[in-house]
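Report on one structure; see the data block that follows.
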Amino acid sequence: MTRAGSWRSIAASILNEAYLHYKATGRTSDGRRFGRAPNPYVPPEVPEGKVNVSDPDSHYMKTNDGYVQGYNAQAVVSEQQIVLAAEITTSTVDWSQLDPMVSAAIAELEQAGVSDGPRVALADCQYWNEEHMDEVVANKHIQVLIPPESQARADPRPGWTGGRYDFMRAALKSEGGQQLYHKRPGMIEPLFAHTKHNRGVTRFLRRGRSAVRTEWRLLMTTHNLDKLHRHHLATVRA
């Protein structure tokens, strides 16, 4: 254990003892004593649940076919379906991926010497994260269009009204907002459909987060090379 880890362990022990003492001797605001002090937490000798021994980095992921052991593959594409960034996460949800993926796309473009960066980020409702949206707009100067709820909902989410929720809905209903957001399905969805159904890539062959990230980025590189090849053929034939 590192020295920092040792201090954290000691601090946690002291705080736990202080809490138990408070519960045993303290009183409520009206002067009454607390109930019986809670039993100290005793960790089990063997952790509950199961561990994937071949790939402990992977997590359970919810898919259309149920839960599978795997990773959450992320991608950012241009309007021409060129992959700008490809990353892997072990998070089962997308709400914390907006800013990391935008940052990854900007870094890739800068490394490639492309000065004309993205101006608008389009994402589905799973990426709604107000902190990330503020970061992308304020510090990266990229406008964000994300619906507060999926198109399957006829009414707003309970409690998701007023303020930025209604502002975003109004922006998406505007003529410019509709034209922009209408492009999103045709930009990103074909990438995953082509990878899974046309190329037959439905699972990763390697194990470990680093290796899977390399495999995913290689797949997206070959996707870009295929797009470039097809564009070259179309140009020659024209």
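The values are calculated or read from the model by the stated rules, or taken from the named source; none is laboratory data. Note that this is a predicted model, so its numbers are computed, not measured. When we count neighbours, we look across all protein chains shown, and the Cβ atoms used for this are built from the backbone with ideal geometry, even at glycine. Accessible surface areas use protein heavy atoms only, side chains included; no ligands, DNA or RNA. Shrake-Rupley method; radii C 1.70, N 1.55, O 1.52, S 1.80 Å.
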- Note on the structure: Taking region 130-181 and the residues there that are over 19 Å from ARG119 (Cβ atoms) and of a type in the set (Gly, Ala, Ser), the one that is nearest to the chain's Cα centre (by Cα) would be SER150
- Task: State yes or no: is ARG184 out of contact with any His (no Cβ under 9 Å at 6 or more places or on another chain), under 19 Å from GLN97 (Cα atoms) and of a type outside the set (A, V, I, L, M, F, W, C)?
- Result: yes
- Report whether or not THR195 is surrounded by 14 or more Cβ atoms within 10 Å (Cβ to Cβ), of a type in the set (Ser, Thr, Tyr) and within 25 Å of HIS59 (Cα to Cα). yes
- Message: List pairs: first residue in region 188-215 and modelled with pLDDT under 95, second residue of a type in the set (Lys, Arg) anywhere in the structure, Cβ distance under 6 angstrom, at least six positions apart or on different chains.
- Response: THR202/LYS196
- Task: Check whether at least one residue in region 113-126 is assigned to a helix (DSSP H, G or I) and either open to solvent by 50 Å² or more (accessible area, probe 1.4 Å) or in contact with a helix residue (DSSP H, G or I) (Cβ under 9 Å, 6 or more places away or on another chain) (or both), and report yes or no.
- Result: yes
- So ARG184, is it among the basic types (Lys, Arg), closer than 21 Å to GLU79 by Cβ, in contact with a strand residue (DSSP E or B) (Cβ under 7 Å, 6 or more places away or on another chain) and open to solvent by 30 Å² or more (accessible area, probe 1.4 Å): yes
- Query: Among the residues of region 94-109, is there at least one that is open to solvent by 30 Å² or more (accessible area, probe 1.4 Å), touching a His at 6+ places or on another chain (Cβ under 8 Å) and part of a helix (DSSP H, G or I)?
  - Reply: yes
- Identify all residues within region 48-59 that are modelled with pLDDT of 85 or more and surrounded by 13 or more Cβ atoms within 10 Å (Cβ to Cβ); write none if there are none. ASP55, ASP57, SER58, HIS59
- Query: Quick one: in region 71-93, which of the residues that are small (Gly, Ala, Ser) and buried (at least 19 other Cβ atoms within 10 Å of the Cβ) is nearest to ARG207 (Cα to Cα)?
  - Reply: ALA73
- Note on the structure: Of the residues in region 127-137, those that are surrounded by fewer than 16 Cβ atoms within 10 Å (Cβ to Cβ) and either of a type outside the set (D, E, K, R) or touching a Cys at 6+ places or on another chain (Cβ under 9 Å) (or both) come to VAL137
- Task: Scan region 138-165 for residues that are open to solvent by 30 Å² or more (accessible area, probe 1.4 Å), under 14 Å from TRP128 (Cα atoms) and either modelled with pLDDT of 95 or more or among the aromatic types (Phe, Trp, Tyr) (or both) and report the count.
- Result: 3
